Amino acid sequence: MLKNVLITGGAGFIGSSIALKLVDKGYNVRVMDNLSPQIHGENASLPKKLIGKVDFIKGDVRSTKDWKRAIDGQNAVIHLAAETGTGQSMYEIFHYCDSNIGGTAKFMDILANEKHSIKRVVIATSRAIYGEGMYRCKEHDLVYPEARNDEDMAKGDFECKCTICKKDVEICKTKENTLIHPTSIYGITKQVQEQLVMVTCHSLGIPAISFRYQNVYGPGQSLSNPYTGIISIFSTRIRNGKDINIFEDGKESRDFVFIDDVANITIEGLEREDITYESFNVGSGVMTSVNEVVEALELSYGKNVKIEITGNYRVGDIRHNYADISKTEKLLGYKPMTDFKTGIKRFTDWVLTQDETNDGYEASLKEMEDKGLLK
């Protein structure tokens, strides 16, 4: 058993859930987190649910000193710390690269050059690495569309096109061996994070495994970060009685996976010594449209707000994506236990126990508009 486990970003939504489950299983858990104000609010401290249960280091992955302090005496690292947000990444380019790529590189540099006791690394990456993913053309079979162009989207045509005949194509489930071609800076940084870990750890003989998370949601996620997932953003706006502007035509879809399913499979990956240097999709394997998300939230809250489908779009956003989870099922025994309807109810029940908060959503949209990234 890898007794001592460091979780970077462990005070966050996914990390704290994994930390508590590991503690319950008898692990000694250390958390390193910089308590980013965008995620945790101003003057944040370690979440109450973790106090007394984990060893906490306030530190930043961009600091070699903090990394050395954090991995001292640890047997395994679950590396979750990263800047997230497709839209924001398109204009905070250096910051995203510095945090996600640079921070991971510093970790790998220590593993390669310093004495340590790390025996396993788990890296969290993202469905964003697949970009628009894999589609099927009636004439040309499987194709991998590039980022959608302004000319089509300005006319209200938001569907992906065949790279050869330029006709509409049909989305396919994304397999792990699907072409990796991110369409956002965030996606690029997550791709490089995974490659840094896999290449370096393999060369050093340190077992590593990667999880490519889809859109994770559930109790505990930030309700104030305007760059987080749409479930959180729309939830806060519905609760506050604010209008919702839906981009494109609302038919764009994502694969929403509940937090418990993500935490459980991440721990399974940590413990499975027979699985190394493999990447796994973690999702529900089901597509849910943005329109369906809003409808589910309104139903759960029993509250209606003004909804406008604007036709606006953000540079870097993808049209659809959902995971083929068959590899994760076969090799790791993964089975999502919480469907979307149940998960949304559990999420909104939790939200109603939280203080109301400002979402900062309008300010984030204005910022993107000023940068020419919201059209």
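The values are calculated or read from the model by the stated rules, or taken from the named source; none is laboratory data. Keep in mind that this is a model prediction, so the values were computed, not measured. Reconstructed Cβ throughout: ideal geometry from the backbone, glycine too, with neighbour counts over all protein chains shown. Keep in mind that these areas ignore ligands, DNA and RNA; they rest on the heavy atoms of the full protein, side chains included. Shrake-Rupley method; radii C 1.70, N 1.55, O 1.52, S 1.80 Å.
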Original post:
GLY26 fails exactly one of the following numbered conditions: (1) of a type in the set (Gly, Ala, Ser); (2) without any contact (Cβ under 8 Å) to a residue 40 or more places away in the chain; (3) open to solvent by less than 30 Å² (accessible area, probe 1.4 Å); (4) not in a helix (DSSP H, G or I). What is the number of that condition?
Top reply: (3)
Subject >> Cβ pairs under 7 Å, 6+ apart, first in the stretch 352-375 and over 20 Å from GLY241 (Cα atoms), second open to solvent by 40 Å² or more (accessible area, probe 1.4 Å) and assigned to a loop (DSSP other than H, G, I, E, B) >> reply: LYS371/TYR91; LEU373/MET90; LEU373/TYR91; LEU373/VAL315; LEU374/ASN312; LYS375/ASN312
**OP:** Restrict the check to the stretch 235-244 and report whether at least one residue is assigned to a helix (DSSP H, G or I), in contact with a helix residue (DSSP H, G or I) (Cβ under 9 Å, 6 or more places away or on another chain) and at pLDDT 95 or above.
**Re:** no
**OP:** Kindly indicate the residue of the stretch 29-55 that is in a loop (DSSP other than H, G, I, E, B) and among the β-branched types (Val, Ile, Thr) and also farthest from LYS119 (Cα to Cα) among those meeting that condition.
**Re:** ILE51
Original post:
Can you pull out the residues in the stretch 120-136 that are farther than 22 Å from ILE14 by Cβ and open to solvent by 10 Å² or more (accessible area, probe 1.4 Å)?
Top reply: MET134, ARG136
Subject >> Answer residue from the stretch 138-187, given it is open to solvent by less than 60 Å² (accessible area, probe 1.4 Å), in contact with a helix residue (DSSP H, G or I) (Cβ under 9 Å, 6 or more places away or on another chain) and aliphatic (A, V, I, L, M) and is nearest to GLU92 (Cα to Cα) among those >> reply: ILE185
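If you take the residues in the stretch 347-370 that are aromatic (Phe, Trp, Tyr) and modelled with pLDDT of 85 or more, which one is nearest to ARG314 (Cα to Cα)? Steps first, please.
The first filter runs over the stretch 347-370 and keeps only residues aromatic (Phe, Trp, Tyr), leaving 347, 350, 361.
The next check asks that each one be modelled with pLDDT of 85 or more; those that pass are 347, 350.
Details: PHE347: 26, TRP350: 30 Å.
Only one residue tops the list, namely PHE347.
What do you reckon, is ILE259 surrounded by fewer than 20 Cβ atoms within 10 Å (Cβ to Cβ), touching a residue at least 24 places away in the same chain (Cβ under 8 Å) and closer than 30 Å to GLN74 by Cβ?
Values: surrounded by fewer than 20 Cβ atoms within 10 Å (Cβ to Cβ): no; touching a residue at least 24 places away in the same chain (Cβ under 8 Å): yes; closer than 30 Å to GLN74 by Cβ: yes.
In short, no.
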Subject >> Among residues of the stretch 317-351, those that are touching a helix residue (DSSP H, G or I) at 6+ places or on another chain (Cβ under 9 Å) and over 21 Å from GLU292 (Cβ atoms), counted >> reply: 5
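Does any residue of the stretch 318-325 turn out to be touching a Gly at 6+ places or on another chain (Cβ under 6 Å) and at pLDDT 95 or above? Spell out the reasoning first.
Taking the stretch 318-325 and keeping what is touching a Gly at 6+ places or on another chain (Cβ under 6 Å), we get 321, 323, 325.
From the residues that got through so far, the ones that are at pLDDT 95 or above too are 323, 325.
Yes, the stretch 318-325 has at least one match.
Residue by residue through the stretch 56-97, note down the ones that are part of a loop (DSSP other than H, G, I, E, B) and over 20 Å from VAL121 (Cα atoms).
Just the residues of the stretch 56-97 that are part of a loop (DSSP other than H, G, I, E, B), to begin with: 59-63, 72-75, 80-85, 90-92.
Hits for the stretch 56-97 are THR84, GLY85, MET90, TYR91, GLU92.
Could you pull out every one of the helices (runs of 4 or more DSSP H) wholly within the stretch 100-217 that has 2 or more residues that are among the hydroxyl-bearing types (Ser, Thr, Tyr) and within 30 Å of SER232 (Cα to Cα)?
On the way: elements: 103-113, 150-154, 185-204.
The qualifying helices (runs of 4 or more DSSP H) are 185-204.
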Original post:
Which ones in the stretch 218-231 are surrounded by 22 or more Cβ atoms within 10 Å (Cβ to Cβ) and in a helix (DSSP H, G or I)?
Top reply: ILE231
**OP:** Could you tell me whether LEU365 is part of a helix (DSSP H, G or I), open to solvent by 20 Å² or more (accessible area, probe 1.4 Å) and within 30 Å of LYS161 (Cα to Cα)?
**Re:** yes
Subject >> Candidate set from the stretch 327-348 (those that are out of contact with any strand residue (DSSP E or B) (no Cβ under 9 Å at 6 or more places or on another chain) and touching a residue at least 60 places away in the same chain (Cβ under 8 Å)); member that is least open to solvent (accessible area, probe 1.4 Å) >> reply: THR348
Original post:
Between a first residue in the stretch 130-156 that is within 23 Å of PHE280 (Cβ to Cβ) and a second residue that is acidic (Asp, Glu) and surrounded by fewer than 21 Cβ atoms within 10 Å (Cβ to Cβ), which pairs have beta carbons less than 8 Å apart while being 6 or more apart in sequence or on different chains?
Top reply: GLY131/GLU146; GLU132/GLU146; TYR135/GLU170
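Per-residue answers, yes or no, for (1) under 21 Å from the mean Cα position of the chain (by Cα); (2) among the aromatic types (Phe, Trp, Tyr):
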residue	(1), (2)
ASN281	yes, no
LEU299	no, no
LYS306	no, no
ASP317	yes, no
TYR322	yes, yes
GLY333	no, no
ASP355	no, no
ALA363	no, no
LYS366	no, no
